[in-house]
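Here's the structure, in structure tokens; my notes come after.
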Amino acid sequence: MAKDGKHRKSGIWSADAADVRELLRVPGGERIELAAFDARATPGGPQDKEAGLEATSVMADHLADLQERLFAASTAGDRRRILLVLQGMDTSGKGGTVKHVIGLFNPSGCRIRAFKAPTPEERRHDFLWRIKRALPEPGEIGIFDRSHYEDVLIARVRELAPSKEIANRYEQINRFEKSLTDDGVTVVKCFLHISYDQQRRRLLERLDNPDKHWKFNPGDIEERALWPAYQKAYEIALERCSPPDAPWYLIPADRKWYRNWAISRLLLEHLEALDPQYPKGDFDVEKARERLLRSG
């Protein structure tokens, strides 16, 4: 719920939402103020960390079963697949989500891609070029650690492209994601909403632990100084790129256990809605059984 205590009629943390997909959904076109949402909140979640860890664990078998059914259906021509997009400030938990949530799935059916700064080859192409090359195949679950949204986030904050070009990218992104959903891709976009204070604590934890120094970049301090600009860039992206068929979900991320539970639950609800089925065999089962038994 927003800090002012008011419930929204639909979308972000609405008290009467039917499921987590509705509860966390960002209504497209509405003005978003991230500061109004408590990053330590646990909307719709279990009562505490212990219960949250247990609830996430309980989902594992069902998630694995649905993933197997999705992959099996693709062998019979079903083109459906899932694309999980993870965006958020540094330390918001994109990598942690991949480890703790995607770890519930069979890795052979997942396609994971972390997008860093574009390579020289990628810069020679449209900003969506490298994204299209990393999309999941039918039956797969794709995970993007950062994504095409970097080109309206850091590109906007750091002025890496002309403002007019960046303004045009929002509609390009909407058209691109519409083409994905039309082709059977369920797009699940999660903004991991971390607070300024919590980011500082997590960065300090990395500095205090030599085993985590590899995860620390001194440039993170410079990026942190641009926090207001990044928050504004995220607000614009959430407002302009959250259509009904590919909405954003606002995930409070200060509590890691809640973040993992919420994203696991989102994936579960989307997979249940797809309800993939095992394809029927195109052979005579009894004859195959007889032949096998005769083979000794």
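The values are calculated or read from the model by the stated rules, or taken from the named source; none is laboratory data. Quick caveat, the model's predicted, so the values are computed rather than measured. Glycine also receives a Cβ, built like all others from the backbone with ideal geometry; neighbour counts cover every protein chain displayed. To get the accessible areas, we keep the full protein, side chains included, count just its heavy atoms, and leave off ligands, DNA and RNA. Shrake-Rupley method; radii C 1.70, N 1.55, O 1.52, S 1.80 Å.
Annotations
- Rg/Rh, computed from the Cα trace of the chain with Rh as the Kirkwood radius, has the value 1.01.
- Here the Karplus relation 6.51 cos²θ - 1.76 cosθ + 1.60, evaluated at θ = phi - 60°, turns the backbone of the range 196-212 into coupling constants of 4, 5, 5, 4, 4, 4, 5, 5, 5, 4, 5, 5, 7, 10, x, 5, 10 Hz, with x for every Gly and Pro.
- Counting only protein heavy atoms and a 1.4 Å probe, the chain has 52 square angstrom of accessible area per residue.
- Percent carbon-and-sulfur accessible area, the range 167-296, ignoring ligands, DNA and RNA, probe 1.4 Å: 51 percent
- Computed from label points 7 Å out along Cα-Cβ, the spacing between residue 18 and residue 215 is 3.8 nm.
- Were the residues from residue 196 through residue 65 laid out at 0.36 nm apart, the gain over their Cα-Cα distance would be 43.4 nm.
- The GNM of the chain, with springs linking C-alpha atoms under 10 angstrom apart, assigns the highest mean-square fluctuation among 255, 201, 111 to 201.
- The value of relative contact order for the chain, using C-alpha pairs under 8 Å at least six residues apart, is 31 percent.
- Residue 282-residue 134 pseudo-label distance in nm [points 7 Å out on the Cα-to-Cβ vector]: 3.5 nm
- Backbone N atoms of the range 95-134 closer than 19 Å to the 7 Å Cα→Cβ label point of residue 245 belong to residues 132.
- Cross-link pairs 164/215; 99/212; 232/256; 178/280 - those with Cα-Cα distance over 27 Å: 164/215; 178/280
- Summarised in one figure, the compactness ratio Rg/Rh of the range 128-266, Cα atoms and Kirkwood Rh, is 0.98.
- Taking 7 Å steps out from each Cα toward its Cβ at residue 227 and residue 269 produces label points 3.0 nm apart.
- The charge dipole of the range 169-268, taken about its Cα centre with unit charges on the Cβ atoms of Lys, Arg (+1), Asp and Glu (-1) only, comes to about 280 debye.
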